[in-house]
Amino acid sequence: MSSEHPSQYERRSEATQVDININTSASLGYWNSVPATANSMLGMLGPYPWYSRIDLRGSRSFLAKIRRLIPGCPTEGKLDRGVDCGAGVGRVTEGFLRHVCKVVDAVEPVAKFTQVLDESALKKDNVIGDVYTLGLEDWIPDKKYDLIWIQFCVGHLNDRQLVELIERCRAALTGAGILVVKENMSTDPKGNDMYDEEDSSVTRTNEKFRSIFEAAGMRVIISDMQTGFPKEFKLLPVRFYALRPKV
């Protein structure tokens, strides 16, 4: 991508000056301060114990819808191999991905979280496959996946790193493989991305995500909002994107 002709996502980053604030060391420092337990992982989601149940149910419904839309993708039974990106201690794998994939790899930069995965019953039962202790900005897939699931973690990547990650994921999909990105959406009244100093992350706009997917050579098959959260809690909206390579 030529620096003489910046893309839409690069121009927007320059205008808002948000993703330049991301500090990987600060992000890792924050998550290393979080206990390596399933309950503490709800810190990713907010202090609401019912959130995870609603979140996982929404993910199951969204994937079922996608599988009916992609030629060659089986609509029933388990997919052969998936990967949980930003896996934490395996909340999403335990509550969702193990039910839809025979084997689930995991990518997670915090070593004490991947230790939990390596010592889990799912690992002993060979449901969890390879566990990669590294950040998504450094992960280079070495196999093909039927499902790549990226949830609540790309806010720790700057825009260029996210484009490059999506490009690598595109190359790692099987013929009928699916890439899903599930993330919080910015509610900034001016339509800008929002920076969070607490964990050094960015919450992006729908426009920004779509420009990043376009730059990475992916098309959005379907995009839905996560529903079911009580309105009185005023949580950030959450959106799914199902992505496939451009033809």
So what is the relative contact order of the chain, in percent, for Cα pairs below 8 Å that sit 6 or more residues apart? 20 percent
At a 1.4 Å probe radius, carbon and sulfur cover how many percent of the accessible area of segment 84-161? 49 percent
If you average 1/r over every pair of different alpha-carbon atoms in the chain and take one over that average, what Kirkwood value in Å do you get? 18.3 Å
Can you sort Glu207, Glu232, Glu137 by 1.4 Å-probe accessible area, starting with the largest? Glu232, Glu207, Glu137
Would you check segment 36-191 for Lys pairs whose C-alpha atoms are within less than 23 Å, ignoring same-chain pairs closer than 8 in sequence, and give me the count? 24
Counting only helical runs of four or more DSSP H residues, what would the 222 nm mean residue ellipticity of the chain come to if each run contributes -39,500 (n - 2.57) and the total is spread over all its residues? -8500 deg cm²/dmol
Could you compute how much accessible surface His99 exposes when probed at 1.4 Å, giving the result in Å² to the nearest 10? 90 Å²
Probe 1.4 Å - accessible area at Ser52, Å² to nearest ten: 20 Å²
Just to confirm, what accessible area per residue do you get for the chain at 1.4 Å probe, in whole Å²? 47 Å²
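The values are calculated or read from the model by the stated rules, or taken from the named source; none is laboratory data. Treat the numbers as computed from the prediction; the structure is a model and nothing was measured. Ligands, DNA and RNA are excluded from the accessible area calculation, which covers all protein heavy atoms including side chains. Shrake-Rupley method; radii C 1.70, N 1.55, O 1.52, S 1.80 Å.
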